[in-house]
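Here is the structure we will look at, set down as structure tokens.
The values are calculated or read from the model by the stated rules, or taken from the named source; none is laboratory data. The model shown is predicted, which means the values in this text are computed figures rather than measured ones. Backbone-built Cβ (ideal geometry, glycine too); neighbour counts: all protein chains shown.
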Amino acid sequence: MIKLNIDDKGVLPFIEEKDINDLLPLVEKAHDDLVNYTGMGKEFLGWVDLPNEIDNAFLEDIIVQANKIKEKAEVYVVIGIGGSYLGARAVIESLQHNFNNLKSDRNYTFIIYAGQTLSEDYISDLLEILDKKDYCLSVISKSGTTTEPAIAFRILKAHLENKYGKEEARDRIIAITDKERGALKTLAIEEGYKTFIVPDNVGGRYSVLTPVGLLPIAVAGLDIKKLIEGAKAMRKHLLENKDIQTNPAWKYAMLRNALLRKGKTVEIMVNYLPSLVYFSEWWKQLYGESEGKDGKGLFTASVSNTTDLHSMGQYIQEGMRNIFETVLHVENSSKKVEIPFDKEDKDGLNYLLNKSLTEINHKAEEGTIMAHIEGNVPNIHISIERLDEYSLGELIYFYEFACGISGYVLGVNPFDQPGVEFYKRNMFKLLGK
Ligand code: PA5
């Protein structure tokens with residue numbers, strides 16, 4: 001039994017039964033094309049069966065490597081960009097302590113990211129920190145040729161070798177890349193780095209459940225077995241339920257396409273927890289890069305409330321009416337904080353005393369949804385019971401599967417990204433490559 005629930009009450013006033021009936025055959029065909037590997041980009045459908053193909057021995061190998069890193073490193077640098085970075089960060093930031101870097105009592109390897117930016121100040125500040133910390137790194141690139149992580153790796157490899165000597169540095173580097181192609185693979189073989197493989201048939205933004213995501217997530221001390229269990233349960237459910245009422249991926253793909261056809265061209269992912277900011281970043285890339293092509297696709301954006309109710313909330317309530325929202329609701333917090341009683345009640349907050357902060361946050365969410373629907377912003381509501389490895393596994397697979405369906409319904413190949421090459425061509429020309 002999966003725990004994720006999707007509610008369409010906030011969309012029904014904006015669409016008609018005909019809209020659903022028009023889309024249903026397309027959703028059904030998209031489902032079949034995904035599970036039978038017959039749709040566009042079929043050579044990149046490995047993620048569909050991935051959770052079932054992962055066995056315990058594979059996960060144990062990752063956990064052993066993660067433990068080795070944790071033993072010798074205070075800091076673990078994850079070098080990668082796009083799909084080779086966002087999945088790991090999404091899961092780690094969703095589940096780690098909100099002030100992890102300030103916890104003095106931790107027996108924890110701190111995760112830092114590189115290769116996702118060309119900022120000179122960023123990398124310089126990172127080197128300054130790494131001068132004083134014991135560290136290991138993973139360089140993650142499926143193609144093995146992406147410029148941003150390649151530059152970061154060259155700089156950090158030199159720093160690591162300078163700090164520990166070539167031999168010791170080699171034991172502190174893990175490469176995660178293609179099984180045979182690319183400059184990184186050649187380098188890894190020549191230098192003798194421990195290597196994990198990104199499967200050929202899994203594209204970058206669908207690779208969080210491969211070593212690309214699993215190794216950093218395990219180094220962060222999170223339970224990758226539970227993550228895979230959640231993904232497996234969701235896969236089983238989605239493949240066994242070919243029905244709009246019981247298949248949440250069908251429902252989500254159908255609703256967002258119906259809304260797009262009504263002129264709602266922007267989808268905003270809304271969360272009410274700062275720890276989910278990077279989960280939204282992962283989702284933005286998954287859907288934006290998969291669907292935004294051939295002049296089609298929803299523009300994916302995100303807000304983190306209630307913080308952003310005091311900034312973008314104004315636009316969402318009263319700006320251009322081409323948007324809809326998808327709220328990711330988390331039912332339970334894992335920690336409790338009491339609001340203290342104040343007998344003078346000068347701030348007038350005593351009326352909240354019998355409520356938890358989570359309840360208050362939920363009421364803010366409910367009130368906002370009502371206001372936005374009234375303001376002509378449809379609302380898809382996705383809820384999970386709590387933030388843990390299992391529910392994130394469910395959620396990841398749900399979003400991936402729904403993205404495949406949604407892309408096929410839209411009539412695009414959700415597994416390529418030809419547009420990304422344009423900036424690269426210009427940049428290389430400008431740099432005289
Ligand atoms: O989803 C994708 O395929 C991209 O976002 C890639 O992950 C990103 O461009 C990085 O590519 P690579 O892993 O080859 O360095």
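Before moving on, here are some points about what is shown:
- Scanning the stretch 79-94 for residues that are of a type outside the set (G, A, S) and within 12 Å of the ligand (Cβ to nearest atom) returns I79, I81, Y85, L86.
- Of all positions in the stretch 354-365, none carries a residue that is among the aliphatic types (A, V, I, L, M) and in a loop (DSSP other than H, G, I, E, B).
- Looking only at residues of the stretch 161-179 that are touching a Gly at 6+ places or on another chain (Cβ under 9 Å) and hydrophobic (A, V, I, L, M, F, W, C), we find that the one that is farthest from the ligand (Cβ to nearest atom) is A175.
- All positions within the stretch 285-304 that are within 14 Å of the ligand (Cβ to nearest atom), surrounded by fewer than 21 Cβ atoms within 10 Å (Cβ to Cβ) and of a type in the set (S, T, N, Q): Q285
- Any hit, the stretch 194-203, residues being within 16 Å of the ligand (Cβ to nearest atom), among the polar types (S, T, N, Q), surrounded by fewer than 24 Cβ atoms within 10 Å (Cβ to Cβ) and farther than 21 Å from D49 by Cβ: yes
- Residues that are touching a helix residue (DSSP H, G or I) at 6+ places or on another chain (Cβ under 8 Å), within 14 Å of the ligand (Cβ to nearest atom) and among the small types (G, A, S), drawn from the stretch 399-433: G404, G407
- Residues of the stretch 255-287 that are touching a Pro at 6+ places or on another chain (Cβ under 8 Å) and in a loop (DSSP other than H, G, I, E, B): K264 alone.
- Candidates H381, H310 - the one that is closer than 28 Å to G230 by Cα, modelled with pLDDT of 95 or more, surrounded by fewer than 21 Cβ atoms within 10 Å (Cβ to Cβ) and not hydroxyl-bearing (S, T, Y): H381
- So L187, is it closer than 23 Å to G115 by Cα, within 16 Å of the ligand (Cβ to nearest atom) and crowded, with 20+ Cβ neighbours inside 10 Å: no
- Residue match in the stretch 95-113 (condition: within 16 Å of the ligand (Cβ to nearest atom) and not assigned by TED's automatic domain parsing to the domain that holds Y390): yes
- Counting only residues that are among the charged types (D, E, K, R) and over 29 Å from D178 (Cα atoms), the stretch 80-138 holds 9 of them.
Listed here are the residues, each with its yes/no results for (1) part of a loop (DSSP other than H, G, I, E, B); (2) in contact with a helix residue (DSSP H, G or I) (Cβ under 6 Å, 6 or more places away or on another chain).
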position	(1), (2)
L160	no, yes
K163	no, no
E168	no, no
L184	no, no
A188	no, no
P199	yes, yes
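- Selected residue [within 23 Å of G41 (Cβ to Cβ), free of Cβ contacts under 8 Å to residues at least 60 places away in the same chain and out of contact with any helix residue (DSSP H, G or I) (no Cβ under 9 Å at 6 or more places or on another chain)] from G263, G288, G292: G288
- Any hit, the stretch 204-225, residues being surrounded by fewer than 18 Cβ atoms within 10 Å (Cβ to Cβ), part of a loop (DSSP other than H, G, I, E, B), within 16 Å of the ligand (Cβ to nearest atom) and of a type outside the set (F, W, Y): no
- Residue count for the stretch 248-305 under the criterion of being under 15 Å from the mean Cα position of the chain (by Cα) and of a type in the set (F, W, Y): the result is 5.
- Filter result for the condition that a residue is in a helix (DSSP H, G or I) and surrounded by 15 or more Cβ atoms within 10 Å (Cβ to Cβ), over A88, A57: A88
- With respect to the stated conditions, I373 fails to be in contact with a strand residue (DSSP E or B) (Cβ under 8 Å, 6 or more places away or on another chain) and not in a helix (DSSP H, G or I).
- None of Y278, Y272 is in contact (Cβ under 8 Å) with a residue 24 or more places away in the chain, surrounded by fewer than 24 Cβ atoms within 10 Å (Cβ to Cβ), more than 16 Å from the ligand (Cβ to nearest atom) and of a type in the set (S, T, Y) except Y272.
- Residue, farthest from the ligand (Cβ to nearest atom), within the stretch 124-160, restricted to residues that are surrounded by fewer than 19 Cβ atoms within 10 Å (Cβ to Cβ) and of a type in the set (V, I, T): I129
- Residue list for the stretch 16-54, filter: assigned to a loop (DSSP other than H, G, I, E, B), more than 18 Å from A249 (Cβ to Cβ) and assigned by TED's automatic domain parsing to the domain that holds N257: E16
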